[in-house]
Every structure is written in structure tokens, then in C-alpha cells.
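Working notes, beginning with the structure itself.
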Amino acid sequence: NAGVTQTPKFQVLKTGQSMTLQCAQDMNHNSMYWYRQDPGMGLRLIYYSASEGTTDKGEVPNGYNVSRLNKREFSLRLESAAPSQTSVYFCASTWGSNQPQHFGDGTRLSIL
Amino acid sequence: GDSVTQMEGPVTLSEEAFLTINCTYTATGYPSLFWYVQYPGEGLQLLLKATKADDKGSNKGFEATYRKETTSFHLEKGSVQVSDSAVYFCALSDRTDSWGKLQFGAGTQVVVTP
């Protein structure tokens, strides 16, 4: 009963490097989300996907791209990492409006 | 736009003390309200929810009542345990948002000492 699985759990990058954070859910949810969590700021939405093949920007999309590969998988890509992107990244999924979101355990990303 | 305001932490309590975490919101419609809990090193877990005015959500001894007149959803627990040490997030979902997006408060860290 995996729920939402994120990989990797930890990553250290140098400024300018690129990487992709992976997320997969096994609950047949329609909507998926990427958040970043920074001290004192709660969770801020980066991108979301209401269904397979659709994506939309959230509150802080600059510097990120996403792909909804299929109904299960939703990846987040940093093309050219910057120190300001040091954060904990969470993926979440849900059936839809007014339903609770289910979260992965997060990816802790440090950019030097 | 919609927003959620929580009391700042950390909140430090002794075991068996009463816990209250204040949460107020602004929303244009009639949102659903949630409390999530985050234990160290983990993701967020749904603690409880309420979908309409005067609803009371409850789980694991925690309670919160949806108060439309005061736009509040305060979290309470009558007797906390060390295992309740965590960060608590209040969140809302606008019913008019078809995509289920959540607006989170900044989170309140709770530390319970033996």
C-alpha cells in the first residue's frame, strides 16, 4: 500500500545542474501536485495536473517544468538549479475538488 | 485571493496539557477546511476535515469546528502526548476550484515535553 512515492529522498546539486524529481501514486487519483516547503512559509504550489496530459502553473512556477507522463506519474524538472531552489519538495495527489490530498515523504534538495 | 493564517510557533506544552492552535481564513466562497500534521522527516498527513459551516472534524483526540461567522477553524486537543510533537498545517480548498488546489497556512510547530 505505497500511496505516493517520491524519488530521490535526498539530493545535492551544484548551481546550474539539472535534475528531475519523480512522483508516482497508486490510488488512481486524477489530480497531482508539486509543492515546495520552506521554513515559515508553509507549502507553496509549484505546478499541478488535473488529469493526464494537462498541467498548470501554481504560485511559484518559475525555474521549474513538469510532465504528467500518465495517470500515475508526475515529474518535476529543474533545468538549471539555483541556490534559491534549495527546499523540501512534496508531491501530492487527490480525486479532485474538496477531497483531501495524499502526500509523499518529500525530496530534500540542496543546491550549492 | 484565498488565504489561511495560523498562530506562530513553536508552541511548547507539557504532557497532558490542553492544546489550541488558532486558524483563520479568508475565502470568496464556501471552502472546505483541513488540518494536516507533519511528523519529523515525513510528508503531510490528513488529520481532520470539515466541509460546511458548523461541521466538527475529529480524529485521534483532535477536534476542530468550522465557524463561518468568525471564519475560523481552530484545532484543539484536551490532553497532549509527547507523540503529538509535530508541525500542524491548516488548509482550505475552494469549492469553485475544480482542481482541488489547497491553500496552506505557514504551519505551527508543537513541542510536547514529558
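Values in this text are rule-based calculations from the coordinates and carry no lab data. It should be emphasised that the depicted structure is a prediction, and the values quoted were computed from it without experimental measurement. With ideal geometry, Cβ positions are generated from the backbone for all residues, glycine too; neighbour counts draw on all protein chains shown.
Please find the FRET efficiency linking B:GLN109 to A:PHE10, where r is the Cβ-Cβ separation and R0 is fixed at 22 Å, and quote it to the nearest 0.05.
0.50
In the protein assembly as shown, if the dipole is taken from +1 on Lys/Arg beta carbons and -1 on Asp/Glu beta carbons about the Cα centre, which of A:SER67, B:GLY78, A:PRO8 is farthest to the positive end?
Positive-most Cα among the choices belongs to A:SER67.
For the protein assembly as shown, build the charge dipole from Cβ charges (+1 Lys, Arg; -1 Asp, Glu) around the Cα centre, then report which of A:THR54, B:PHE89, A:LEU43 sits farthest towards its positive end.
Most positive-ward Cα: A:THR54.
Measuring from centroid to centroid over Cα atoms, what is the spacing of the stretch A:71-91 and the stretch B:60-106 in Å?
26
Quickly work out the A:ALA82-to-A:THR54 label distance, labels modelled 7 Å from Cα along the C-beta direction, and quote it in nm with one decimal.
3.0
Sticking with the crude label model, points 7 Å out along Cα→Cβ, report the distance from A:LEU69 to B:ARG95 in nm, one decimal please.
Spacing of the two 7 Å Cα→Cβ label points: 3.8 nm.
With charges set only on the Cβ (+1 for Lys and Arg, -1 for Asp and Glu), what does the dipole of chain A come to about its Cα centre, in debye to the nearest 20?
Computed charge dipole of chain A: roughly 160 debye.
Pull out a ≥ b ≥ c, the square roots of the eigenvalues of the alpha-carbon gyration tensor of the stretch B:3-86, then state rounded if a/c is under 1.5, prolate if not and a/b is larger than b/c, and oblate in the remaining case.
prolate
Counting partner chain Cβ atoms within 10 Å of every residue's Cβ in A:91-98, what's the average?
Taking the mean over all residues of the peptide, I get 5.
Starting from the alpha-carbon convex hull of the stretch A:25-111, give the projected area averaged over all orientations, in nm².
Result: 5.6 nm².
Which is farthest toward the positive dipole end of the protein assembly as shown among B:LEU19, B:GLY29, B:ALA53, measuring Cα position about the Cα centre, with Cβ charges +1 (Lys, Arg) and -1 (Asp, Glu)?
The one lying farthest along the dipole's positive direction is B:GLY29.
Could you give the alpha-carbon Rg of the protein assembly as shown over 2.2 N^0.38 Å, rounded to two decimals?
The reported ratio for this selection is 1.01.
Please go through the stretch B:1-67 and write out the trypsin sites (Lys or Arg not before Pro) that DSSP classes as loop and that have at most 13 other C-beta atoms within 10 Å.
Hits after loop and neighbour filter: B:LYS52, B:LYS60.
Run the numbers on chain A and let me know its relative contact order in percent, using alpha-carbon pairs under 8 Å that are six or more apart.
Computed value for chain A: 36 percent relative contact order.
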